[in-house]
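Visitor: Have a look at this one.
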Amino acid sequence: MMSETIQHFIEQQLSSARNLEPLRLLRHGYKVYSQTDEDGILAEIFRRIGIYNRSFVEFGIENGLECNTLWLLMQGWNGQWIEANGACCEAIRSSHGHWIRQNTLVVSQSMVTADNINGLIGQRYKGVIDLLSIDIDYNDYHVWKSIEIIAPRVVCIEYNAIWRPPVSITVPYDPGRSWAGDNYYGASLAALTKLGRQKGYRLVGCGLAGVNAFFVKEELCADLFVPSGDAADHYEPARYFLAQSQGHRPAVGPVVQI
């Protein structure tokens, strides 16, 4: 369970003057099946912009028990998960078989690269979807840059919080390389913010743990989010200890919509 010290820290952060600004997202964060507060932040984003077709694509989901789209799946959304690890895919087919049999969820086993991602996603989706979630711990920037087959309304992507704004850097693209467990991976928030602008997205917030950044299509933002979209304004430092604050062991099964 979450310690009182960590809970107190979170409450302090969320009650700061900055995070009490009406358009800020952090105070809306909570965890159901996400790593930290992503479930709540995504719920608030879609509360503001509305939902198009309840569709998602997520890759880098491991065994599917702690990711950014499981809670959406359980609420009647449909989607595609892409995971390279064969054992994890087998576990998903067992634990999430209910949704797979209904074709609500498609699981694709493949190592994601900038070269194959459009083909992989194209097996399920083309055009507008609601959410794209990227967490592959190394080539995230390059893969997002290459995606053309879908037009997600919202993008959630991991950033390297060690590389603070205004530094705009990414690791070189290497399709055969993955995270080595150190702090050399991915891209800085400033680099992803620049890429987002090039693709028509505004940075609207980051999670408290300093893991994920959230982007929304510019034409959907209006006056619903902090207008700057600036990396320095939204940056959250690395607080990876928050990702260790787990409660009950995650498990899933069929649910009934009432």
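Visitor: Would you tally the residues in the range 64-102 being assigned to a helix (DSSP H, G or I) and not small (Gly, Ala, Ser)? Talk me through it step by step, then tell me what you get.
Guide: Step one: of the range 64-102, the residues assigned to a helix (DSSP H, G or I) are 70-74, 86-95, 97-101.
Those still in the list that are not small (Gly, Ala, Ser) too: 70-74, 88-90, 92-93, 98-101.
Residues that pass the stated criteria total 14.
Visitor: Give the residue that is nearest to GLY86 (Cα to Cα), with candidates limited to residues of the range 6-54 that are among the small types (Gly, Ala, Ser) and under 14 Å from the mean Cα position of the chain (by Cα).
Guide: Of the range 6-54, the ones among the small types (Gly, Ala, Ser) are 15-17, 29, 34, 40, 43, 50.
So of that shortlist, the ones also under 14 Å from the mean Cα position of the chain (by Cα) come out as 29, 34, 40, 43.
On the way: GLY29: 32, SER34: 21, GLY40: 30, ALA43: 30 Å.
Of everything passing the filter in the range 6-54, SER34 is nearest to GLY86 (Cα to Cα).
Visitor: Follow-up. Return the pair list, or none, for Cβ contacts closer than 9 Å from residues in the range 20-47 that are without any contact (Cβ under 8 Å) to a residue 24 or more places away in the chain and assigned to a helix (DSSP H, G or I) to residues that are surrounded by fewer than 23 Cβ atoms within 10 Å (Cβ to Cβ) and of a type in the set (Val, Ile, Thr), at least 6 apart or on different chains.
Guide: If the second residue must be surrounded by fewer than 23 Cβ atoms within 10 Å (Cβ to Cβ) and of a type in the set (Val, Ile, Thr), the pairs left are GLY40/VAL32.
Visitor: Kindly provide the set of residues from the range 122-138 that are within 21 Å of ASN63 (Cβ to Cβ) and touching a strand residue (DSSP E or B) at 6+ places or on another chain (Cβ under 9 Å), ordered by number.
Guide: The initial filter retains those residues of the range 122-138 that are within 21 Å of ASN63 (Cβ to Cβ), namely 124, 131-138.
Of everything in the range 122-138, those that are within 21 Å of ASN63 (Cβ to Cβ) and touching a strand residue (DSSP E or B) at 6+ places or on another chain (Cβ under 9 Å) turn out to be ARG124, LEU131, LEU132, SER133, ILE134, ASP135, ILE136, ASP137.
Visitor: Follow-up question, since we're still on this one. Is at least one residue of the range 115-135 of a type in the set (A, V, I, L, M, F, W, C), assigned to a loop (DSSP other than H, G, I, E, B) and either over 24 Å from ALA222 (Cα atoms) or touching an Asp or Glu at 6+ places or on another chain (Cβ under 7 Å) (or both)? Quick ask: steps written out before the conclusion?
Guide: The initial filter retains those residues of the range 115-135 that are of a type in the set (A, V, I, L, M, F, W, C), namely 117, 120-121, 128-129, 131-132, 134.
Adding the requirement that they be assigned to a loop (DSSP other than H, G, I, E, B) leaves none.
No, because not a single residue in the range 115-135 is of a type in the set (A, V, I, L, M, F, W, C), assigned to a loop (DSSP other than H, G, I, E, B) and either over 24 Å from ALA222 (Cα atoms) or touching an Asp or Glu at 6+ places or on another chain (Cβ under 7 Å) (or both).
Visitor: Would you mention how many residues in the range 142-153 are within 18 Å of ASP174 (Cβ to Cβ) and either of a type in the set (Lys, Arg) or surrounded by 24 or more Cβ atoms within 10 Å (Cβ to Cβ) (or both)?
Guide: 1
Visitor: May I ask you to list pairs of residues, at least six apart or on different chains, whose Cβ atoms are under 6 Å apart, with the first in the range 108-127 being on the phi < 0 side of the Ramachandran plot and the second being part of a loop (DSSP other than H, G, I, E, B) and of a type in the set (S, T, N, Q)?
Guide: Listed pairs, sorted by first residue: LEU120/SER110.
Visitor: Just need a number here: residues in the range 1-10 that are exposed (fewer than 12 other Cβ atoms within 10 Å of the Cβ), free of Cβ contacts under 8 Å to residues at least 12 places away in the same chain and under 20 Å from ALA238 (Cβ atoms). Can you show your working first?
Guide: Within the range 1-10, the first condition is being exposed (fewer than 12 other Cβ atoms within 10 Å of the Cβ), and the residues that meet it are 1, 3-5, 8.
So of that shortlist, the ones also free of Cβ contacts under 8 Å to residues at least 12 places away in the same chain come out as 4-5, 8.
Retained after the next criterion (residues that are under 20 Å from ALA238 (Cβ atoms)): 5, 8.
Matching residues across the range 1-10 total 2.
Visitor: Just checking, which of GLU38, GLU44 is modelled with pLDDT of 95 or more, more than 14 Å from ASP130 (Cα to Cα), surrounded by 15 or more Cβ atoms within 10 Å (Cβ to Cβ) and charged (D, E, K, R)? First the steps, then the outcome.
Guide: Details: GLU44 fails: more than 14 Å from ASP130 (Cα to Cα).
The unique qualifying residue is GLU38.
Residue by residue, here is whether (1) aliphatic (A, V, I, L, M); (2) crowded, with 22+ Cβ neighbours inside 10 Å; (3) within 18 Å of GLN35 (Cα to Cα) holds:
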position	(1), (2), (3)
SER55	no, yes, no
TRP71	no, no, yes
CYS89	no, no, no
ILE100	yes, no, no
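Visitor: Could I ask something else about it? Identify all residues within the range 151-201 that are part of a loop (DSSP other than H, G, I, E, B) and farther than 26 Å from SER110 by Cβ; write none if there are none. Show your work before the answer.
Guide: Pass one, the range 151-201, residues part of a loop (DSSP other than H, G, I, E, B): 159-169, 171-186, 188, 199-200.
ALA161, ILE162, TRP163, ARG164, PRO165, PRO166, VAL167, SER168, ILE169, ASN183, SER188, GLY200, listed by residue number.
Visitor: Which numbered condition in (1) polar (S, T, N, Q); (2) within 27 Å of ALA17 (Cβ to Cβ); (3) over 14 Å from the mean Cα position of the chain (by Cα) is the only one that ASN78 fails?
Guide: Here ASN78 meets the rest and fails (2).
Visitor: Oh, and also: How about the range 205-224: which of its residues are of a type in the set (A, V, I, L, M, F, W, C) and touching a Cys at 6+ places or on another chain (Cβ under 7 Å)? Let's see the steps before the verdict.
Guide: First, the residues of the range 205-224 that are of a type in the set (A, V, I, L, M, F, W, C): 206, 208-209, 211, 213-216, 220-222, 224.
Residues satisfying the conditions are ALA213, PHE214.
Visitor: Okay, moving on. Within the range 195-217, restricting attention to residues that are charged (D, E, K, R) and free of Cβ contacts under 8 Å to residues at least 60 places away in the same chain, which residue is nearest to SER34 (Cα to Cα)?
Guide: Narrowing the range 195-217 to residues charged (D, E, K, R): 197, 199, 202, 217.
Next, from what is left, pick out any that are free of Cβ contacts under 8 Å to residues at least 60 places away in the same chain: 197, 199, 202.
Values: ARG197: 26, LYS199: 26, ARG202: 22 Å.
Looking at the filtered set, the residue picked out is ARG202.
The values are calculated or read from the model by the stated rules, or taken from the named source; none is laboratory data. Only a predicted model underlies this, so the values are computations on that prediction, with no experimental measurement involved. Ideal geometry is used to build each Cβ from the backbone, glycine not excepted, and the neighbour counts take in all protein chains shown.
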